[in-house]
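Take a look at the structure set out below.
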Amino acid sequence: GEDVEQSLFLSVREGDSSVINCTYTDSSSTYLYWYKQEPGAGLQLLTYIFSNMDMKQDQRLTVLLNKKDKHLSLRIADTQTGDSAIYFCAESRSARDDKIIFGKGTRLHILP
Amino acid sequence: KAGVTQTPRYLIKTRGQQVTLSCSPISGHRSVSWYQQTPGQGLQFLFEYFSETQRNKGNFPGRFSGRQFSNSRSEMNVSTLELGDSALYLCASSLGNSNTEAFFGQGTRLTVV
């Protein structure tokens, strides 16, 4: 199947770490992505990871991939109010084209 | 380097009409993909064009079509609009040599009344 699943909501206190989880079904996925969408805006690519990697860190962002369990997570350290957005997990699997399959998105709400 | 440009940003159409949306990819990018975003269905893949050819297609009716020009700009067309076609239509630009970063435009918000 083509399912990418993620929880719909997450609330985190400002300054804490946010962890957004995602599961996917196709073990042939080659690239896994995290996109951010702010209200009224398009999608911003935050980071991506190759399927042969376990972890990728980029400043406050850490991506962990458990290929055996088909589980992807995004950790945002020191969460700020500007991090409030919808975060989409996505995968692409074809070596032939650039089709991306998206999850439904996790709305991150920052508590003061 | 200019980003992905989608025009128009907002559009209101009535049922039964047709609409054409435009996407200009990042310079040098040869692949343009289109996605429909709705609150209920999330982001769904419409189709992808590469070098003026449709390379992949999602599960949408034939009312949804697209094309790509020699300068990589792409248009998508929706004919006989239905209320359910109201959505944010997003275009993604990439190099096209498979599984590379895709950059999205701001989208066109289509409202069908």
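The values are calculated or read from the model by the stated rules, or taken from the named source; none is laboratory data. Computed from a predicted structure; not experimentally measured. Note that each Cβ is placed from the backbone with ideal geometry, even for glycine, and that neighbours are counted across all protein chains shown. We work out accessible area using only protein heavy atoms, side chains counted, and drop any ligands, DNA or RNA first. Shrake-Rupley method; radii C 1.70, N 1.55, O 1.52, S 1.80 Å.
Structural remarks
- Evaluated at q = 0.12, 0.19 Å⁻¹, the base-10 log of the normalised Debye intensity for segment B:50-113, with identical point scatterers placed on the Cα atoms, takes the values -0.36, -0.87.
- Contour minus Cα-Cα distance for A:D16 and A:R60 (0.36 nm per residue): 14.7 nm
- In this label model, A:M53 and A:A77 are separated by 1.6 nm, measuring between points 7 Å along each Cα→Cβ vector.
- The accessible-area ordering, largest first, of the residues A:M53, B:M76 stands as A:M53, B:M76, per a 1.4 angstrom probe.
- Rounded to two decimals, the Cα radius of gyration of segment A:6-100 over 2.2 N^0.38 Å is 1.07.
- Tail weight of P(r) past 31 Å, computed on alpha-carbon pairs of the protein assembly as shown, percent: 21
- Stokes-Einstein translational diffusion, segment B:7-62 - Kirkwood Rh over all Cα pairs, 0.890 mPa s, 25 °C, in µm²/s: 185
- Accessible area of segment A:1-88 belonging to carbon and sulfur atoms, whole % at 1.4 Å probe: 47
- Solvent-accessible area assigned to carbon and sulfur over chain B amounts to 48 percent, based on a 1.4 Å probe.
- Its relative contact order, with pairs defined as Cα atoms under 8 Å and 6+ residues apart, puts segment A:1-95 at 37 percent.
- In this label model, A:L8 and B:R67 are separated by 4.1 nm, measuring between points 7 Å along each Cα→Cβ vector.
- Spatial separation of Cα centroids for segment B:1-70 and segment A:57-112, in angstrom: 24
- Alpha-carbon geometry of segment B:1-101: the Rg and the Dmax are 13.2, 39 Å, given in that order.
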